[in-house]
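J.: Before anything else, here's the structure in question.
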Amino acid sequence: MIQLSVFLDDRPGVLASFVKLLMDNRIFIRALTVAKTSEYGLLLVLVDKPEDCITLLEDNNYLLSTTDVIAIKLNDHPDALYRIPKTLGDKDINIDFCYSTLVKEDSMLIVRVEDDFIEVAAKTLQKNGFTIIE
């Protein structure tokens, strides 16, 4: 899955304008986390139409980058927040960062591993009973 990292001015209303732009263009946000640095806001975003979103944001002069991540369904695994890092750690795959959505029907954990390990990590999780969301 493609994660968008979007850099925003750290000012009131900028996040709302960003969300409205996506909403007006019928791009659904599946996961969102916001971080703040001393100079800007950073959004980590998963959307339903990443290629369309990239084009839209570039056309509107947003600064962004993309990163491959793995989105793992949590619904059927109440102990998943333990089992996911344990499963990857047992295969010597390190998680660079992660965040979650906890919407009851569609909860997921988003994990980032090094590019060289992303395919192996996804296959390892699938073999261990986890559902990978595309």
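The values are calculated or read from the model by the stated rules, or taken from the named source; none is laboratory data. Since this is a predicted model, take the numbers as computed values, not measurements. Neighbour counts run over all protein chains shown; Cβ positions are idealised from the backbone, glycine included.
J.: So is residue 107 surrounded by fewer than 17 Cβ atoms within 10 Å (Cβ to Cβ), at pLDDT 95 or above and among the hydroxyl-bearing types (Ser, Thr, Tyr) or not? Talk me through it step by step, then tell me what you get.
T.: Working: surrounded by fewer than 17 Cβ atoms within 10 Å (Cβ to Cβ): yes; at pLDDT 95 or above: no; among the hydroxyl-bearing types (Ser, Thr, Tyr): yes.
No; evaluated as a whole, the condition is false for this residue.
J.: Given the criteria crowded, with 17+ Cβ neighbours inside 10 Å, of a type in the set (A, V, I, L, M) and out of contact with any Pro (no Cβ under 7 Å at 6 or more places or on another chain), does residue 132 qualify? Break it down stepwise before answering.
T.: Working: crowded, with 17+ Cβ neighbours inside 10 Å: no; of a type in the set (A, V, I, L, M): yes; out of contact with any Pro (no Cβ under 7 Å at 6 or more places or on another chain): yes.
When the stated conditions are applied, residue 132 does not pass them.
J.: Here's something else I'd like to know. For region 1-28: of the residues being under 26 Å from residue 131 (Cβ atoms) and touching an Asp or Glu at 6+ places or on another chain (Cβ under 8 Å), which is surrounded by the most Cβ atoms within 10 Å (Cβ to Cβ)?
T.: Taking region 1-28 and keeping what is under 26 Å from residue 131 (Cβ atoms), we get 1-5, 22, 26-28.
Those left that are additionally touching an Asp or Glu at 6+ places or on another chain (Cβ under 8 Å): 1-3, 27-28.
Working: 1: 20, 2: 14, 3: 22, 27: 19, 28: 11.
Applying the filter and picking the extreme gives 3.
J.: Is there a residue in region 57-72 that is under 27 Å from residue 26 (Cβ atoms), aromatic (Phe, Trp, Tyr) and surrounded by 11 or more Cβ atoms within 10 Å (Cβ to Cβ)?
T.: Our first condition is that a residue be under 27 Å from residue 26 (Cβ atoms); within region 57-72, this holds for 57-72.
Then keep just the ones that are aromatic (Phe, Trp, Tyr); that gives 62.
From the residues that got through so far, the ones that are surrounded by 11 or more Cβ atoms within 10 Å (Cβ to Cβ) too are 62.
Taking every residue of region 57-72 in turn, at least one turns out to be under 27 Å from residue 26 (Cβ atoms), aromatic (Phe, Trp, Tyr) and surrounded by 11 or more Cβ atoms within 10 Å (Cβ to Cβ).
J.: Now, a different point. Just the residues that are without any contact (Cβ under 8 Å) to a residue 60 or more places away in the chain and basic (Lys, Arg), please, taken from region 87-134.
T.: 91, 104, 123, 127
J.: Still on this structure, please answer the following. Kindly evaluate residue 98 against the criterion of being at pLDDT 90 or above, outside the structural domain of residue 10 (by TED's automatic domain parsing) and in contact with a helix residue (DSSP H, G or I) (Cβ under 9 Å, 6 or more places away or on another chain).
T.: Working: at pLDDT 90 or above: yes; outside the structural domain of residue 10 (by TED's automatic domain parsing): yes; in contact with a helix residue (DSSP H, G or I) (Cβ under 9 Å, 6 or more places away or on another chain): yes.
The answer is yes for residue 98.
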